[in-house]
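Asks: Just passing along the structure, written as structure tokens.
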Amino acid sequence: MAEQQTKQIIEFLDKSKIKYKLIVHRVVYTSEEAAKERGMPLKMGVKSLIFKLDKDEFKLILVRADRKADSKRLREILHVKNIRLASPEEVLKISGCEIGSVHPFGFLMKLEILMDKSILENEDVDFNIGQHTHSALMKAKDLVKILKPRIEEFTI
């Protein structure tokens, strides 16, 4: 399933006429490993995290790889009482991807996207595209253009 999503993402990017670079690399599981393997600074990475909110609702939360999501701030922004990272099983069921390979294309998972504003401090960003061995590099403004996320400040 992950390979299929990677293929869908590549096809989507090609059709959208957005300039990007596909990066195929050794298996990575963390943002730090990915930055090293891609040869990019950690702060250029975009982590795609799935959070579970009240009432079994899930959101795709995008944070800069060198930062952490502030759960208290997320609760305030999203007007929820409870918020937690989705379990590995929930992530796989919702996204079709394993933790560490989740991509930012929420529309493929039918999830709303919340992006931290700090991501836009970078001209270029890189991120996983559904597998531990495939990443993409593109302009941050182009990522926003195609994802159409809600942008807020919620990292520490």
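Asks: Which of the residues belonging to the stretch 1-40 are within 14 Å of Phe127 (Cβ to Cβ) and in a loop (DSSP other than H, G, I, E, B)?
Replies: Within the stretch 1-40, Ile18, His25, Val28, Thr30, Met40 meet the criteria.
Asks: Filter the stretch 1-45 for residues that are in contact with a helix residue (DSSP H, G or I) (Cβ under 6 Å, 6 or more places away or on another chain) and aliphatic (A, V, I, L, M); which is nearest to Asp116 (Cα to Cα)?
Replies: Ranking the candidates gives Leu42 first.
Asks: What are the residues in the stretch 47-73 that are part of a helix (DSSP H, G or I) and touching a Phe, Trp or Tyr at 6+ places or on another chain (Cβ under 7 Å), if any?
Replies: Taking the stretch 47-73 first, the residues part of a helix (DSSP H, G or I) are 54-56, 71-73.
Scanning the stretch 47-73 gives a single hit, Arg73.
Asks: Just one of the numbered conditions (1) loosely packed, with under 13 Cβ neighbours inside 10 Å; (2) under 17 Å from the mean Cα position of the chain (by Cα); (3) assigned to a helix (DSSP H, G or I) is not true of Glu76; which one?
Replies: Glu76 satisfies every listed condition except (2).
Asks: With the structure loaded, tell me whether Lys7 is modelled with pLDDT under 95 and at positive phi or whether it fails that test.
Replies: Numbers: modelled with pLDDT under 95: yes; at positive phi: no.
The answer is no for Lys7.
Asks: Taking the stretch 46-71 as the region of interest, how many residues are modelled with pLDDT of 95 or more, of a type in the set (Lys, Arg) and over 14 Å from Asp116 (Cβ atoms)?
Replies: Of the residues in the stretch 46-71, 1 are modelled with pLDDT of 95 or more, of a type in the set (Lys, Arg) and over 14 Å from Asp116 (Cβ atoms).
Okay, residues lined up against (1) of a type in the set (Ser, Thr, Tyr); (2) out of contact with any His (no Cβ under 7 Å at 6 or more places or on another chain); (3) free of Cβ contacts under 8 Å to residues at least 12 places away in the same chain:
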{"residue": "Val102", "(1), (2), (3)": "no, yes, no"}
{"residue": "Ser118", "(1), (2), (3)": "yes, yes, no"}
{"residue": "Thr133", "(1), (2), (3)": "yes, no, no"}
{"residue": "Leu137", "(1), (2), (3)": "no, yes, no"}
{"residue": "Pro149", "(1), (2), (3)": "no, yes, no"}
{"residue": "Glu153", "(1), (2), (3)": "no, yes, no"}
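Asks: Need pairs with beta-carbon distance below 6 Å; first residue closer than 17 Å to Val102 by Cβ and surrounded by 15 or more Cβ atoms within 10 Å (Cβ to Cβ) and within the stretch 2-23, second at pLDDT 90 or above and of a type in the set (S, T, N, Q); sequence gap 6+ or separate chains.
Replies: Partner pairs satisfying both residue conditions: Ala2/Gln131; Thr6/Gln131; Ile23/Ser135.
Asks: Of all residues in the stretch 79-91, which are assigned to a helix (DSSP H, G or I) and under 10 Å from Phe51 (Cα atoms)? Break it down stepwise before answering.
Replies: Applying the first criterion (assigned to a helix (DSSP H, G or I)) to the stretch 79-91 yields 88-91.
Residues satisfying the conditions are Glu90, Val91.
Asks: Looking at Asp126, Asp142, Asp66, Asp70, which is the one that is under 23 Å from Gln5 (Cβ atoms), touching a Ser or Thr at 6+ places or on another chain (Cβ under 8 Å), acidic (Asp, Glu) and in contact (Cβ under 8 Å) with a residue 12 or more places away in the chain?
Replies: Details: Asp142 fails: touching a Ser or Thr at 6+ places or on another chain (Cβ under 8 Å); Asp66 fails: under 23 Å from Gln5 (Cβ atoms); Asp70 fails: under 23 Å from Gln5 (Cβ atoms).
Answer to the selection: Asp126.
Asks: Let me ask something additional. Looking only at the stretch 24-73, filter to residues that are polar (S, T, N, Q) and out of contact with any Pro (no Cβ under 6 Å at 6 or more places or on another chain); which one of those is surrounded by the fewest Cβ atoms within 10 Å (Cβ to Cβ)? Can you show your working first?
Replies: From the stretch 24-73, those polar (S, T, N, Q) are 30-31, 48, 71; that's our starting set.
With out of contact with any Pro (no Cβ under 6 Å at 6 or more places or on another chain) added as a condition, the list becomes 30-31, 71.
Values: Thr30: 13, Ser31: 21, Ser71: 15.
Here the answer is Thr30.
The values are calculated or read from the model by the stated rules, or taken from the named source; none is laboratory data. As the structure is a prediction and not an experimental result, all values here were calculated from the model. Note that each Cβ is placed from the backbone with ideal geometry, even for glycine, and that neighbours are counted across all protein chains shown.
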